[in-house]
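Colleague: Before anything else, here's the structure in question.
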Amino acid sequence: MSAADEAREKGVQVMSVPQSSGLAVEIHGLVKSYGATRALAGLDLTLPTGQVLGFLGPNGAGKTTTIRILLGLLRADSGVVRLLGGDPWRQGVALYRRLGYVPGDVALWPNLTGGQIIDLLGRAAGGLEKARRAEMLERFELDPSTRARAYSKGNRQKVALVAALASRAELLILDEPTSGLDPIMEARFTQAIRQARDEGRSVLLSSHIFSEVEKLADQVCIIRAGRTVEQGSLARMRHLTRIHVAATVDGDTAALAGLAGVHDFHADRGRLSLTADRQALGLTADRQALGAILTTLGELDRAT
């Protein structure tokens, strides 16, 4: 019996959901407050069907509140929210069967095994594909016979990932999904998401780390203080992660050109210009090297 049939038996009204037309997620002017605290202040976001959208912002920017509204767990104060063509607040039962969701901190039923939980979550999301279930268990090296209370944080995360990725979900909503995973498992997660996209599934990947979504996303939506800063392709977004440096110099600048993260280096008659990756400059060695060189070069102007 499907989740929708079970809901009807219990007297819950199940509304049919229209198929989405080109967009898996569509949000316009989304507002949500908790008392006097404004969590979302007019957020805009679109996820085209069959793409991976990186949902980026610092902790507290409003990412999790947005996801909770998409899941029908919170009601927006105002704005337009469409999920797979439907309203998640009014049509949550029907929509849930088409979703796979992975939170950043997974809580499991302690007395059930990992396999039992995967099957339970899979039934709620419209069913699992047995071959895919076995493939994902092997990929993430998860023992499904272990009771959840014995799992580490990383293994609890794997349970949710296997359940979502082995389901028939059209849309995957992932909120900091690699929390607790080691680098090897992170790489396998990346492979699994690429496979899901190649199959035509849509993915909303929420993170506060640009490098995490850079490997996967077709587009990126950056938010801050509950508002959209910018949404676009990765090529368009990369300028937001670089610093432009222009300086009048007296010394030798050759060492700058070879630093990791330095791009578009140009020096001519005492003037130099370059762009530098914020991420690369965050590495202690390069930051110290660049800083030491620039200190000897004189006055410089920086603009983000």
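Colleague: All but one of (1) of a type in the set (A, V, I, L, M, F, W, C); (2) part of a helix (DSSP H, G or I); (3) surrounded by fewer than 16 Cβ atoms within 10 Å (Cβ to Cβ) hold for M185; which doesn't?
Modeller: (3)
Colleague: A further question follows. Only one residue in E212, E230 is under 21 Å from T66 (Cα atoms) and outside any strand (DSSP E or B). Which one?
Modeller: Values: E230 fails: outside any strand (DSSP E or B).
Just a single option satisfies the conditions, and that option is E212.
Colleague: Please enumerate the residues belonging to region 202-231 that are charged (D, E, K, R) and closer than 16 Å to T190 by Cβ.
Modeller: Within region 202-231, the subset charged (D, E, K, R) is 212, 214-215, 218, 224, 227, 230.
Hits for region 202-231 are E212, E214, K215, D218.
Colleague: Going by the conditions given, is T275 at pLDDT below 70, under 27 Å from V52 (Cβ atoms), among the β-branched types (V, I, T) and surrounded by 14 or more Cβ atoms within 10 Å (Cβ to Cβ)?
Modeller: no
Colleague: When you go through (1) touching a helix residue (DSSP H, G or I) at 6+ places or on another chain (Cβ under 7 Å); (2) among the hydrophobic types (A, V, I, L, M, F, W, C); (3) part of a strand (DSSP E or B) one by one for A163, which number turns out not to apply?
Modeller: Of everything listed in (1) touching a helix residue (DSSP H, G or I) at 6+ places or on another chain (Cβ under 7 Å); (2) among the hydrophobic types (A, V, I, L, M, F, W, C); (3) part of a strand (DSSP E or B), A163 misses just condition (3).
Colleague: If you don't mind, another one. Whether any residue in region 146-154 is outside any helix (DSSP H, G or I), in contact (Cβ under 8 Å) with a residue 40 or more places away in the chain, closer than 16 Å to L120 by Cβ and of a type outside the set (V, I, T) is what I want to check. Walk me through it before giving the result.
Modeller: Restricting attention to region 146-154, the residues satisfying the condition of being outside any helix (DSSP H, G or I) are 146-147, 151-152.
Narrowing the set further to residues that are in contact (Cβ under 8 Å) with a residue 40 or more places away in the chain leaves 151.
Those left that are additionally closer than 16 Å to L120 by Cβ: 151.
Adding the requirement that they be of a type outside the set (V, I, T) leaves 151.
Looking for residues that are outside any helix (DSSP H, G or I), in contact (Cβ under 8 Å) with a residue 40 or more places away in the chain, closer than 16 Å to L120 by Cβ and of a type outside the set (V, I, T), one finds at least one in region 146-154, hence yes.
The values are calculated or read from the model by the stated rules, or taken from the named source; none is laboratory data. Since the model is a prediction, treat every value here as computed from it, not as a measurement. Positions of Cβ are generated from backbone atoms using ideal geometry, with glycine treated the same way; all protein chains shown enter the neighbour counts.
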